[in-house]
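Q: Here's a structure for you.
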Amino acid sequence: MVTSLKGRDVLTLTEFSREELLFIIDTAFNFKQRYLAGERVIPVLAGRHLAMIFEKPSTRTRISFETAMRELGGDALYLSASELQLARGETIEDTARVLSRYVDGIMARVYEHWKLERLAEYSRVPVINGLSDLHHPCQALSDVFTIMEKKTRDVSKLKIVFIGDGGDNVLHSLMLAVGLLGGRITISSPRGYEPHPSVVKLFEEYAAPNGGVFEIERDPYKAIEGADVVYTDVWVSMGQEKEREKRARDLEPYRVTVDLMMRAKPDAVFMHCLPAKRGEEVVNEVIDGKWSVVWDQAENRKHAQKALLALIIP
C-alpha cells in the first residue's frame, strides 16, 4: 500500500520500492488517459515551481518537464549552468541551499553523477536526475511505462534486450527499472562495454531481491532470439566525442538492422531514447519501420514525468 511519495529525491529509481514504482506508472497511465480525453490541465501543482539546471543541451528532457509542470498548473524555470553563479565558482552546496528556498523541486541534467548527489544532500526540496553520466531514471520510467502500454503490465513475462554499449546511462536505469519490477534484461555488447560496477551493485541490492535478472550475451543474434522488446542507444554520448572512432569500430557489429530484428518475435517492438544517429546504431528501416514505438516512447516522457512530479513535489 503506497501512502505518500512527497519529498523523495529521484537519482536512480532505487529510491522506490516495486509497489511505489508501479504506483507512479499507474498514475502516468491515468494522466495520459485524461490528457487524451481533452483534460489538458490538472492543477495539482498550482503555485509550485521547478528549477531546471542544464549542463548538457536537451530537447526531450527540457520540453517534457516544462510542459508537464504547466499542465499540472505549475511553472518551470530553465537555468543554464553557464548562466548561474556555478560558472563563477559558487559551490553546488550553496546553489542547492539557495535554490531550494525559492522553488519546490530541482531537476538537473549534469555530466557527473556526484553533482546530483551533492545537490540532493543540501537541498530542502526534491532533486530529480534529468540525466547524468551514470543514470537517466526519468527516461527509464518512461520506458517501462511504454513497455507496459505496448505489451503487458507484467514485465517479468517479457524478454527485453538491449543491444549496444552496456555501459550506457540509459541502459543502467533501464536495468534497474526492469529489475525492480521483477523482470529480466539481456545485454548484448562487446567486451569492455559492460554495465558500471556501481550500477551492478545497485542492481544486486535493490533489483535482485524482487526477482530481477540481467545477463550478458556477446552475440547480438543470439541475444535477440525471441525478444519482445529491443532497445538501443547512441554509441557516442555527450562527453565521449574523443572516443568516437574506437566506439564506432567496436560497436559496429551491434547495429540494429532489419536482419537482426527479424530474429526477434514477430510482434516485437523497437525502442530508442533519442536522439538517434541514423545509420550508426540503427538503420532507418527499423526506426521508421513496423517495429518502432520510439515516437510514443518520446511522448510518454511527459506523462511519466507528470506522474513523478505530481507525486513527489510537496
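Q: Out of the residues in the stretch 103-150 meeting the condition of being among the hydroxyl-bearing types (Ser, Thr, Tyr) and assigned to a loop (DSSP other than H, G, I, E, B), tell me which one is surrounded by the fewest Cβ atoms within 10 Å (Cβ to Cβ).
A: Top of the filtered list is 111.
Q: Keeping to the stretch 1-53, report how many residues are in contact with a His (Cβ under 7 Å, 6 or more places away or on another chain), farther than 30 Å from residue 95 by Cα and in a loop (DSSP other than H, G, I, E, B).
A: So the answer is 0.
Q: Please state which of the following conditions residue 105 fails to meet, knowing it meets all the rest: (1) closer than 30 Å to residue 197 by Cβ; (2) under 22 Å from the mean Cα position of the chain (by Cα).
A: Failed condition: (1).
Q: Another question, if that's okay. Considering only the stretch 256-298, state which residues are surrounded by fewer than 17 Cβ atoms within 10 Å (Cβ to Cβ), among the charged types (D, E, K, R) and either in the same structural domain as residue 71 (by TED's automatic domain parsing) or within 19 Å of the chain's Cα centre (by Cα) (or both).
A: Answer for the stretch 256-298, where residues must be surrounded by fewer than 17 Cβ atoms within 10 Å (Cβ to Cβ), among the charged types (D, E, K, R) and either in the same structural domain as residue 71 (by TED's automatic domain parsing) or within 19 Å of the chain's Cα centre (by Cα) (or both): 277, 296.
Q: Within the stretch 258-275, how many residues turn out to be closer than 11 Å to residue 161 by Cβ and either at pLDDT below 95 or out of contact with any Ser or Thr (no Cβ under 9 Å at 6 or more places or on another chain) (or both)?
A: Looking only at that region, the number is 6.
Q: Can you find a residue in the stretch 285-308 that is outside any helix (DSSP H, G or I), without any contact (Cβ under 8 Å) to a residue 60 or more places away in the chain and in contact with a Gly (Cβ under 8 Å, 6 or more places away or on another chain)?
A: The answer is no; no qualifying residue exists.
The values are calculated or read from the model by the stated rules, or taken from the named source; none is laboratory data. Everything numeric here is computed off the predicted structure, so don't read it as measured data. Counting neighbours? That spans all protein chains shown, and the Cβs are built from the backbone with ideal geometry, glycine included.
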